[in-house]
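Here the structure comes first, spelled out in structure tokens, and everything after it is commentary.
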Amino acid sequence: MQDYDFIRFGDTDNAPLVSRLGMGCWAVGGHGWGAVNDEESIDAIRHAYDRGVTFFDTADAYGLGKSEKVLRQALGNNLNAVFLATKGGVRWDESGKVWNDSSPEYLQFAVEASLQRLGIERIPLYYIHKLDEQTPIPDIMGALLRLREAGKIGEIGVSNFTAPQLTEALTVAPVRAIQVRFNLLERSRGEELERLCTYHKVKLVAWGALADGLLAGKFNQSTTFSADDHRSRMPDFLGEKFAKNLQRVEALRTIAHARRVSLSQLALRWVIDRYDWSCPLFGAKTAVQVADNLGAAGWRLSLDEMAAIDKLTGMRD
């Protein structure tokens, strides 16, 4: 990776230098993405680490704790050498029922549980995963500040917050990162947050950077998904909207072909080049998928290419 493929998560020269391409570990939790092989997941994580990825993103709710355990199994002591992010605020019981709980009491429990599953003493970046619509944001941020002061977490992040919610959170605690769905086909959240992120030096961590695989360019109108794959229920993959999305992806293929990169690489590179404070996450089940996604590093889109992409993806519903 080149220098411009890394970013400092902090305001000082000693702040962690992190790969802007991060591996998202929802799929390795084995839930919501169809069939997942644990051995292949471990191989994929290790391949990403060996290829220079230092940013790994997970959540306690991914696989109801499994994703964190798989990360520990894959990286072992190397977990202390990477910039690991996890999240809390989604609770579950023994039956597998899940609900949001962002109360200070539960966040204290969730952090301790994540530390145990990961086998580390401090989480470099900890997000509030989802709001429960009951706990006031100042109470949530106050709890995260106390956890940071206790040495349990490092930087504080928020996930799936709106611009007004981020504004409120910033009045209580320094927020280092906001994680929202942001990609070539869905960019409004990034534009909504642009002023805040620039002014407050908040990193935008893009989940869904490949639009749940749409921007990998491997689907067609005949593609179907199993019942245990969340995409089987997403409007983006159903009916007329799916057809329109496939048209958008095909339009982008010409730019990717001219650049001699894959569609995945083009989509991830666009997020990096769109904002110099953005970090796209890529999901992967296999080392082959990791290798393809990492082809987004080491080059830049030209201004003409960015303009052409904007024109092609300007097709809106």
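The values are calculated or read from the model by the stated rules, or taken from the named source; none is laboratory data. These figures come from a predicted structure and were not determined experimentally. Every residue, glycine as well, gets a Cβ built from its backbone with ideal geometry; the counts of neighbours run over all protein chains shown. Heads up: the accessible areas ignore ligands, DNA and RNA and are worked out on the full protein's heavy atoms, side chains in. Shrake-Rupley method; radii C 1.70, N 1.55, O 1.52, S 1.80 Å.
So, in segment 89-107, of the ones that are under 15 Å from G65 (Cα atoms), assigned to a loop (DSSP other than H, G, I, E, B) and free of Cβ contacts under 8 Å to residues at least 40 places away in the same chain, which residue ends up most open to solvent (accessible area, probe 1.4 Å)?
E94
Touching a Leu at 6+ places or on another chain (Cβ under 6 Å), within 22 Å of M23 (Cβ to Cβ) and open to solvent by less than 20 Å² (accessible area, probe 1.4 Å): does that describe A211?
Values: touching a Leu at 6+ places or on another chain (Cβ under 6 Å): yes; within 22 Å of M23 (Cβ to Cβ): yes; open to solvent by less than 20 Å² (accessible area, probe 1.4 Å): yes.
The answer is yes for A211.
Out of (1) buried (at least 20 other Cβ atoms within 10 Å of the Cβ); (2) outside any strand (DSSP E or B); (3) in contact with a Leu (Cβ under 8 Å, 6 or more places away or on another chain); (4) at pLDDT 95 or above, what's the single condition that is false for V28?
Failed condition: (4).
Determine whether Q265 is open to solvent by 40 Å² or more (accessible area, probe 1.4 Å), within 23 Å of the chain's Cα centre (by Cα) and polar (S, T, N, Q).
no
Out of all the residues in segment 53-76, is one or more open to solvent by 10 Å² or more (accessible area, probe 1.4 Å), part of a helix (DSSP H, G or I), farther than 15 Å from P16 by Cα and among the hydroxyl-bearing types (S, T, Y)?
no
Determine which single condition R300 fails, assuming it passes every other condition in (1) open to solvent by 20 Å² or more (accessible area, probe 1.4 Å); (2) charged (D, E, K, R); (3) without any contact (Cβ under 8 Å) to a residue 40 or more places away in the chain.
(3)
Could you check K203 against (1) among the charged types (D, E, K, R); (2) without any contact (Cβ under 8 Å) to a residue 40 or more places away in the chain; (3) in contact with a helix residue (DSSP H, G or I) (Cβ under 9 Å, 6 or more places away or on another chain); (4) within 20 Å of R274 (Cα to Cα) and say which number it fails?
Among (1) among the charged types (D, E, K, R); (2) without any contact (Cβ under 8 Å) to a residue 40 or more places away in the chain; (3) in contact with a helix residue (DSSP H, G or I) (Cβ under 9 Å, 6 or more places away or on another chain); (4) within 20 Å of R274 (Cα to Cα), K203 violates only (2).
Determine which member of the set A81, A44, A74, A48 is among the small types (G, A, S) and touching a strand residue (DSSP E or B) at 6+ places or on another chain (Cβ under 7 Å).
Working: A81 fails: touching a strand residue (DSSP E or B) at 6+ places or on another chain (Cβ under 7 Å); A44 fails: touching a strand residue (DSSP E or B) at 6+ places or on another chain (Cβ under 7 Å); A74 fails: touching a strand residue (DSSP E or B) at 6+ places or on another chain (Cβ under 7 Å).
Matching residue, one of A81, A44, A74, A48: A48.
Return only the number of the condition from (1) at pLDDT 95 or above; (2) open to solvent by 10 Å² or more (accessible area, probe 1.4 Å); (3) in a helix (DSSP H, G or I) that N80 does not satisfy.
Result: N80 passes all but (1).
With D13, D43 as the choices, which residue is modelled with pLDDT under 85 and surrounded by fewer than 20 Cβ atoms within 10 Å (Cβ to Cβ)?
Only one candidate passes the filter, namely D13.
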